[in-house]
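See structure below.
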Amino acid sequence: MIQSLEVELELCIKTEKCLLRDISQLDNCNNSLLLSEKYRSKSNITKQCFDTNYQLVQRLLLGPSTVDSTSDLLQNIQFATSTSDNSQDLMLGNGGVTNTKQKEIDGYDTAQQVIHHTSRDWTSGSKSCREATNGWIVNALVENISTTISSSSSTIDRRELRVLVPGAGLGRLAYDIATSTKLHDYGVDVHVEANDSSVTMAYATQSVLEIISSSQQQQQKKQQYVIYPFISDPTRNEVDSKKRFEYEMFPDNDALDSYQRYYYGSSSDNNNNTNEDTANTNTLLPNLSYTVGDFVSTYSQHIKQSQYDIITTSFFLDTATNIYEYIMIMKHLLKQQSSSLWINCGPVQWHPCALLHPTVDELYDMLVVCGFELISWEVDDNEVVAYRHPDDCSSVMEGGEGAAARYTRAEGYRPLRFIARLVNDGDDNDDDDDDLPLRIEYCEYLNNVANGGGGGSV
């Protein structure tokens, strides 16, 4: 972008000298109206903003500068191994991409993607976007757990809940579930496993959680960083040139406060224990882990069968190469009980890697055929959610005071929200799942053929 600005600046200067013959006679006031002067100023500010973002990306990917800074929030990062001969290719894609040529053009592991995900997941400016997606998922999870507990006759003091978050990105949804005080108050011990194919996102998540943990330890001083979310946006459809240089602080106060509430809420429970050292153990910390690996090859394995009570997906469903694979793997992962749920919220945009592109109504029928009962299913005609920031699809900032529009074009989506559970037909489907890895492997072969990978026609 900086190189492009410099080219435009040079073109402006030469064009103005050619067409505005009396340019040398302009006073300082009128001189500031020249596009070349605006570009010169814009180029200088852009360099400064890029440098700040570069420093931030380094902080997230290389970790803290002090060796004694560690993250207590993220229990561990695991790297899944693939049984495929093309394991290198499998690790590169997101959600079953088995060919490096299918990787999205913009790239998922770039510095720009880290900035975009950080902005969407961990800044106050994007709060309304998160509330419409992650917030809805967390509320749906809490509500269904509340209903399950109130209708249960069990006398067990605490219940363990295993939650899987595929396509976790920078981990905000997994974090919000793991630090939910409502679930803790219901007597639920939540074990959250985030998953993503990107090593970059996993390490960036670890650094974000380290920052939050460090802020809690310091208490007196919140550790926050400056980020420029809009600096890399395309130079078109802009209304006000100054708005490109607006910044946000991250992590947002909600993220810092939620960990603090969880920390002290757990501490008060453990302080009843006669062992004074208990208050300093990991029982006070959210149980949150991160698995790096392709979703299809990692979670179709036998070891993952019936391991999870809840699966939550946000901005993940439409990353599938073959959506049938996702659906059957979700069925494979959920425990065979009525309280096990798949909760989804996000667009049905279908990424470039997708080979099947069902509509929302066709997707509904696919879930039913595959053995799911839809408890809730909704696309709100009156709601449009921005992908990254409310300004992306609104003329004013959410909660702002009549702020001017950022763009002449609006970009958003109507999220598909659903809650699904397995149909209880009384039959044990263990035998049906025994050969799932083999069937998935064959589907991957079919995907490769359909994508022009050779081997004849499907």
Amide H neighbours of Ala194 under 5 Å, counting only residues 5+ apart in sequence or on other chains, H built in-plane at 1.01 Å?
Val165, Ser289, Tyr290, Thr291
Report the extension gain between Leu20 and Asp365 in nm, rounded to one decimal, defined as 0.36 nm multiplied by the number of residues separating them, less their alpha carbon distance.
117.7 nm
Find out how many positive minus negative residues lie around Gln3, taking Lys and Arg as positive, Asp and Glu as negative, among other residues whose Cβ is under 12 Å from that of Gln3.
-2
Could you calculate the FRET efficiency of Ser151 with Glu131 from 1/(1 + (r/R0)^6), where r is the beta carbon distance between them and R0 is 30 Å, rounded to 0.05?
0.60
With +1 assigned to the C-beta of every Lys and Arg and -1 to the C-beta of every Asp and Glu, and no other charges, what is the dipole magnitude of segment 1-63 about the Cα centre in debye, to the nearest 20?
160 debye
A correct Karplus calculation of ³J(HN,Hα) over segment 367-384, with 6.51 cos²θ - 1.76 cosθ + 1.60, θ = phi - 60°, whole Hz and x for Gly and Pro, returns 5, 5, 4, 7, x, 9, 9, 8, 6, 9, 8, 7, 10, 7, 5, 9, 10, 10
Applied in sequence order to segment 440-453, the curve 6.51 cos²θ - 1.76 cosθ + 1.60 (Karplus, θ = phi - 60°) yields integer Hz couplings, x standing for Gly and Pro, of 5, 4, 5, 4, 5, 5, 4, 4, 5, 5, 4, 8, x, x
Hey, can you rank 310-320, 51-61, 328-338 by average C-beta count inside 10 Å, highest first?
310-320, 328-338, 51-61
Using the per-residue mean of other Cβ atoms lying within 10 Å as a proxy for protection, in what order, highest first, do the peptides 109-119, 32-42, 244-254 fall?
109-119, 244-254, 32-42
Zone of Ala410's modelled label, taken as backbone nitrogen in segment 338-368 under 20 Å from a point 7 Å along Cα→Cβ
346-349
Using mean Cβ contacts within 10 Å as the protection proxy, how do 5-17, 406-418 order, highest first?
406-418, 5-17
Taking amide H positions as placed 1.01 Å from N in the peptide plane, with prolines and chain starts having none, which residues 5 or more places from Leu161, or on another chain, fall under 5 Å of its amide H?
Asp189, Val190, His191
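No value in this document is a laboratory result; all are computed from the given coordinates. On a predicted model such as this, the values are computed, not experimentally measured, just so you know. Neighbour counts run over all protein chains shown; Cβ positions are idealised from the backbone, glycine included.
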